[in-house]
Amino acid sequence: MSLLVVGLSHRSAPVSVLERAALAREAQAKLLHDTLAAEPATEAAVLATCNRIELYADVDKFHAGVAELSTLLAQHTGVGLDELTPYLYVHYEDRAVHHLFSVACGLDSMVVGEGQILGQIKDALALGQELHTAGRLLNDLFQQALRVGKRAHSETGIDRAGQSLVTFGLERLAGGTPLGDWAGGKRALVIGAGSMSSLAAATLARAGVAHVAVANRTLARAERLVEILLEPGGRSAAGFTASAVEMAAVPQELALADVVVSCTGAMGVVLTAGAIRDALASRPDGAAGSADQDRTDGSCPLDSACGDTGRTGVRLALLDLAMPRDIDAAVHRLDGARLVDIESLAEASADAPMAADVDQVRTIVSDEVAAFGAAQRAAHITPTVVALRTMAADVVASEIARLDGRLPDLDDKQRAEITQTVRRVVDKLLHAPTVRVKELASTPGGAGYADALRELFDLDPQAVAAVSRADSQAGTHNTAREPA
């Protein structure tokens, strides 16, 4: 296994750098194509979320791979290599597997234990499959990461160690007030209709808001989300209503909203400080302060009661879950507005308590990494074993043909008995060494047993390579069909 990951996340880089390094889906696709075109890489996948960008590759040279992947990240994000390098981390082979499995379990998330990362890993795998950049190794790796993440959530209480980024952000806005009490009766505006925005809308509906307006560049997607929110038997509060609006209607909705959640794929600001100021000024409950003038109290601490909209002077609570940010950071200085964004969530979550269940998840990750490594090492020997048995079968066929020439009077029954006997002898002679070599190959450092087997039996390297290629193509095809 020659798995390499190069990336940066909220743990290694400031939000300002992560914002600049964010990649749209089209840019991710171009990055994958260019990675595969680079000499060291034979497979590639990219995991891009609001707080991380990681490039995974199967490489044949470690140092050349690190240099190439780092350069590609710099080129495609537009952040200079000299500036980007101090924030990059590198994991190789088992450490790379350990890293992805930890990410899948939520151990590396901004909010420990959040489950949204599983959907993002699934999206990364789907993109690699769609573009045919993910081969046998990365298909196996990402599929297993999804299983490990699901296992961690089902077998432990990791969910109690943290919450989804949406819930965590809304609770920061509530400032210590129970979310249901804080949200009850409010009017919300959700900008975007992707997975995070959909989760935000559903969370607000369950929390008891009176109305959710969903704005999206594609109105049909907003309408579909509204249909889901209003489905009979849903978990929204009694009397809950929802509507879909065009992006052009956002200024009017801002003037009516108590809570705004924004998470779009835009590469620039969606809500300016001026737009928020105008919305506040248009309300009957008073004019907004200037974005150029700081609050008289200096700031609104994340753990203070000023997050309780409508009771302590905050008339519009805003949650920005996008990266790069959707909402102008200058909104922090507007009187009457309260903004929680990715940066403030990162600061708050750094002090969040860790649950005891985290240790259980770490044990699961360690066990799964060992099992994955053993399986990959065992799979590495399989083409050599197949080539050996193919060669043995060819030898048997050749000797039976030679026997036919020397004993042409053998009848069909005699010939079949002799053939079966020779095959049994060969199978018995090969059984013990092939079983044992598979066991040895699954241990650390066991890759050399395949080379030893090839040398001992003088196997044609091209025959082994042909089996490997056929096996890889079949495995990739089958894995792509398997639901994640």
**Prompt:** Under a 5 Å amide H to amide H cut-off, with H placed in plane at 1.01 Å, what residues pair with residue 209 once short-range neighbours are removed?
**Reply:** 185
**Request:** Take each of the peptides 422-431, 271-280, average the number of other beta-carbon atoms within 10 Å over its residues, and list them starting from the highest.
**Result:** 271-280, 422-431
**Mean Cβ neighbour count within 10 Å, used as a protection proxy, ranking 317-325, 252-260 highest first** = 317-325, 252-260
**Fill in**
One would report the Cα pair-distance distribution of region 1-101, bin width 10 Å, in %, as 17, 54, 28, 1
**Item:** Gyration tensor verdict on region 37-180 (Cα atoms; rounded if a/c is under 1.5, prolate if a/b is larger than b/c, oblate otherwise)
**Value:** prolate
**Request:** Hey, can you grab everything whose amide H is under 5 Å from the amide H of residue 107? Only 5+ residues off in sequence or another chain; H modelled, so Pro and N-termini drop out.
**Result:** 113
**Message:** Just to confirm, what accessible area per residue do you get for region 42-127 at 1.4 Å probe, in whole Å²?
**Reply:** 34 Å²
**Asked** Straight-line reach from residue 186: which aspartates and glutamates have a Cα under 12 Å away, not including same-chain ones fewer than 8 places off?
**Response** 258, 308
**Sorted peptide list for 412-418, 369-375, 99-105, 189-195, criterion being average Cβ within 10 angstrom, highest first** = 99-105, 189-195, 369-375, 412-418
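The values are calculated or read from the model by the stated rules, or taken from the named source; none is laboratory data. Just so it is clear, the model here is predicted, and its values are computed rather than measured. Positions of Cβ are generated from backbone atoms using ideal geometry, with glycine treated the same way; all protein chains shown enter the neighbour counts. Accessible surface areas use protein heavy atoms only, side chains included; no ligands, DNA or RNA. Shrake-Rupley method; radii C 1.70, N 1.55, O 1.52, S 1.80 Å.
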